Amino acid sequence: MPIALPSVEELFAAGAHYGHVRERSHPKARKSIYSTINKVHIINLEKTHEDLIQAIAYLTDQSKEGKTILLVGTKRQAKDVIEKVGNKHGIAYLSTKWL
């Protein structure tokens, strides 16, 4: 079953282009940054969309090989989505912070 990916426009409408404050960003994330406005990084959504396609292909391959996939999302914004997807597809998930 093909997975319905959001378009670049849908990612933009959802606010996925807002990144961290410049001082809090990880150096490896620089390749995905489009620009900086008011000390906040703006994410390159075209690159994000390409990376999302690669990630789904990787997870599909791992699943076909019978490997375990663990969904992790402990932020308030991700908690409900992680639980919903994990329960719907029978995937192990972690939605609360651990010690």
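The values are calculated or read from the model by the stated rules, or taken from the named source; none is laboratory data. Small disclaimer: the values here were computed from a predicted structure and weren't measured. Glycine gets a Cβ as well: all are built from the backbone with ideal geometry, and neighbour counts include every protein chain shown. Quick note on the areas: whole protein, heavy atoms, side chains included, nothing else; ligands and nucleic acids left out. Shrake-Rupley method; radii C 1.70, N 1.55, O 1.52, S 1.80 Å.
Which value, in Å², gives the accessible area per residue of the chain when a 1.4 Å probe is used on the protein heavy atoms?
Averaged over the residues of the chain, the accessible area is 84 Å².
I need the peptides 28-39, 47-58 ranked by packing, meaning the mean over residues of other C-beta atoms within 10 angstrom, with the highest value on top.
Averaged packing, sorted descending, gives the order 47-58, 28-39.
At 7 Å along the Cα-to-beta-carbon direction for both Leu52 and Glu83, put a label point, then send me their distance in nm to one decimal.
2.4 nm
Rounded to the nearest 500, what is the chain's calculated 222 nm mean residue ellipticity when only DSSP H runs of at least 4 contribute -39500 (n - 2.57) each, over all residues?
-13000 deg cm²/dmol
Share of the range 23-91's accessible area from carbon and sulfur, percent, 1.4 Å?
With neighbouring chains kept in place, the figure for the range 23-91 is 52 percent.
How many percent of DSSP beta bridges within the chain run antiparallel, rounded to 5?
Counting only bridges with both partners in the chain, antiparallel ones make up about 65 percent.
Which whole-number percent gives the relative contact order of the chain, counting Cα pairs below 8 Å spaced six or more residues apart?
18 percent
Out of every Cα pair in the chain, what percent are spaced more than 21 Å from each other?
Summing the P(r) tail past 21 Å for the chain gives 48 percent.
At 1.4 Å probe size, put Thr60, Thr68 in order of accessible surface, largest to smallest.
The residues order as Thr68, Thr60, largest area first.
Sticking with the crude label model, points 7 Å out along Cα→Cβ, report the distance from Ala92 to Arg76 in nm, one decimal please.
About 2.9 nm, to one decimal.
Can you work out ³J(HN,Hα) from phi for every residue in the range 30-38, in order, using Karplus 6.51 cos²θ - 1.76 cosθ + 1.60 and θ = phi - 60°, giving whole Hz and x for Gly and Pro?
In residue order, the calculated couplings are 4, 5, 9, 8, 7, 6, 10, 10, 6 Hz.
Using only Cα atoms, tell me the angle between helix 45-64 and the longest principal axis of the chain; keep it within 0 to 90° and round to the nearest 10.
20 degrees
Can you list residues from other chains, or at least 5 along the same chain, whose modelled amide H is less than 5 Å from the amide H of His20?
Those lying under 5 Å, H to H, from His20 are His41.
Determine the gain in length on full extension of the stretch Glu9-Tyr34; use 0.36 nm per residue of separation and subtract their C-alpha separation, reporting nm with one decimal.
Contour length minus the Cα-Cα distance gives 7.5 nm.
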